[in-house]
Amino acid sequence: MGKIHNFGAGPAKLPEEVYDILKDEFTNFDGTGISIMETSHRTPTYFKLNKEVQDVVRNLMNVPSNYKILFLSGGGQGQFAGVPLNLISRTGTADYLVTGAWSAKAAKEAKKYGKVNMVLPPTDRYVDIPDQSTWNLDPNASYVYICTNETIHGVEFDSIPDTKGVPLVADMSSNFMSKKVDVSKFGVIYGGAQKNIGTAGVVLVIVREDLLNQALPICPSILDWTVNAKADSILNTPPMFAILVMGRVLQWIVKKGGLDKMAELATKKSSLIYDIIEESNGFYYAPVAKAVRSKMNIPFRIGSPTGDDALEKEFLKGAEALNLIQLKGHRDVGGIRASTYNAVTLEEVQTLANYMKEFYKKHA
Ligand code: PMP
């Protein structure tokens, strides 16, 4: 079949070295003779893994000691409810910056539990983030919510907003561990693991301790950060295999040189693609404003700003023939989307870039 180059937006490519480690421990975890999948979660074996993975998160992101690290279930969307259920009680209202489809969904979910203030003017074309001087922030908000990287629209915050003391909550599902972030600037950071840090099943939540103990009484225990923190993320049966995979991916990041190295590579990889787009005289078209172009998910059109259907189909067909897969844009936006997460190598992105150049030469 030949080597596959997977540019999928998620579930996404995992590092090959991680598969090698997982293969070895798949049926014999930590010398127990059995898999982690058939190990009780109330054993020293699992307690050790639980701590090991928390430790690597803390070290890698330099998480201050007044933050809890939680492994929860229910996916990113579980936290669309979890965030307001845990945080909106203080004032009953929350600020949402809707910069793409995922923050839009989060805002919609939050409305079930309190008042949602839209910080940005409504749009259905997510291609930029307005300047902070124009934001309609409510000083009375319980929290300010952002999605640091919009996976579908390819819009990524280039800096951390100043929320003037109101706790900042960030969905980092699709750019978790792609660069250094100053955790102390956030109240809560969360993300599903299945894009940049592992496989589906676990959501990593990092929460500042002073934001605990204020969940709405209706908050299900399974989504309650305080209850889960007290139980050290072993309230119920955790998704242990997904947590193991996440741990191994994070240890791989450490081995590769940490978050600065991931950031350096992300810049190089995404520039390879964006540069070809820029130099194509409009043959390739990236809709997102340069300052907020995602380094993880690169959506683009071919032939015109709204895309030439026949050309885009041919592009995808030719890509698949070269084993460059999962490049089709999300159904909401169409076109092409190349996801260049940590596990996608510079060489793989170069292969895609070469194909884009060839395709341009043939058709422009
Ligand atoms: N947030 C972002 C930024 C996402 O990309 C996704 C999934 N693609 C979600 C949330 C939802 O995650 P899940 O499918 O795990 O509920």
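The values are calculated or read from the model by the stated rules, or taken from the named source; none is laboratory data. All of these numbers come straight from a predicted model, not from anything done at the bench. Positions of Cβ are generated from backbone atoms using ideal geometry, with glycine treated the same way; all protein chains shown enter the neighbour counts.
Filtering the stretch 13-44 to residues that are within 30 Å of residue 356 (Cα to Cα), of a type outside the set (Val, Ile, Thr) and in a helix (DSSP H, G or I) leaves 16, 17, 19.
Looking at 233, 270, 221, just one residue is more than 15 Å from the ligand (Cβ to nearest atom) and assigned by TED's automatic domain parsing to the domain that holds residue 343, and that residue is 270. Scanning the stretch 101-125 for residues that are assigned to a loop (DSSP other than H, G, I, E, B) and in contact with a strand residue (DSSP E or B) (Cβ under 8 Å, 6 or more places away or on another chain), we see that the one that is farthest from residue 166 (Cα to Cα) is 114.
Matching residues to (1) part of a helix (DSSP H, G or I); (2) among the β-branched types (Val, Ile, Thr):
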position	(1), (2)
11	no, no
46	yes, no
58	yes, no
87	yes, no
99	no, yes
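Name the residue that is nearest to the ligand (Cβ to nearest atom), counting only residues in the stretch 37-93 that are among the aromatic types (Phe, Trp, Tyr) and more than 23 Å from the chain's Cα centre (by Cα).
We begin by selecting, within the stretch 37-93, every residue among the aromatic types (Phe, Trp, Tyr); these are 46-47, 67, 71, 80.
Next, only the ones that are more than 23 Å from the chain's Cα centre (by Cα) stay: 46-47.
On the way: 46: 23, 47: 26 Å.
The residue in question is 46.
Pairs are defined by a Cβ separation below 6 Å, a sequence spacing of at least 6 or placement on different chains, a first member in the stretch 324-340 that is on the phi > 0 side of the Ramachandran plot, and a second member that is of a type in the set (Gly, Ala, Ser); the pairs so defined are 326/8; 334/307; 335/307; 335/329. Within the stretch 94-103, the residues that satisfy the criterion of being surrounded by 20 or more Cβ atoms within 10 Å (Cβ to Cβ) and either of a type outside the set (A, V, I, L, M) or within 16 Å of the ligand (Cβ to nearest atom) (or both) are 95, 96, 97, 98, 99, 100, 102, 103. Being within 23 Å of residue 268 (Cα to Cα) and among the small types (Gly, Ala, Ser) is the filter here, so list the residues in the stretch 158-192 that pass it. If the condition is that a residue be within 23 Å of residue 268 (Cα to Cα) and among the small types (Gly, Ala, Ser), then 159, 173, 174, 178 are the ones that fit.
To keep it simple, each residue is scored yes or no on (1) within 12 Å of the ligand (Cβ to nearest atom); (2) crowded, with 21+ Cβ neighbours inside 10 Å; (3) hydrophobic (A, V, I, L, M, F, W, C).
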residue: 125; (1), (2), (3): no, no, no
residue: 128; (1), (2), (3): no, no, no
residue: 131; (1), (2), (3): no, no, no
residue: 171; (1), (2), (3): yes, yes, no
residue: 196; (1), (2), (3): yes, yes, no
residue: 203; (1), (2), (3): yes, yes, yes
residue: 209; (1), (2), (3): no, no, no
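Are any of the residues in the stretch 298-312 assigned to a loop (DSSP other than H, G, I, E, B), more than 22 Å from residue 172 (Cβ to Cβ), touching a helix residue (DSSP H, G or I) at 6+ places or on another chain (Cβ under 6 Å) and among the aliphatic types (A, V, I, L, M)? Within the stretch 298-312, not a single residue is assigned to a loop (DSSP other than H, G, I, E, B), more than 22 Å from residue 172 (Cβ to Cβ), touching a helix residue (DSSP H, G or I) at 6+ places or on another chain (Cβ under 6 Å) and among the aliphatic types (A, V, I, L, M).
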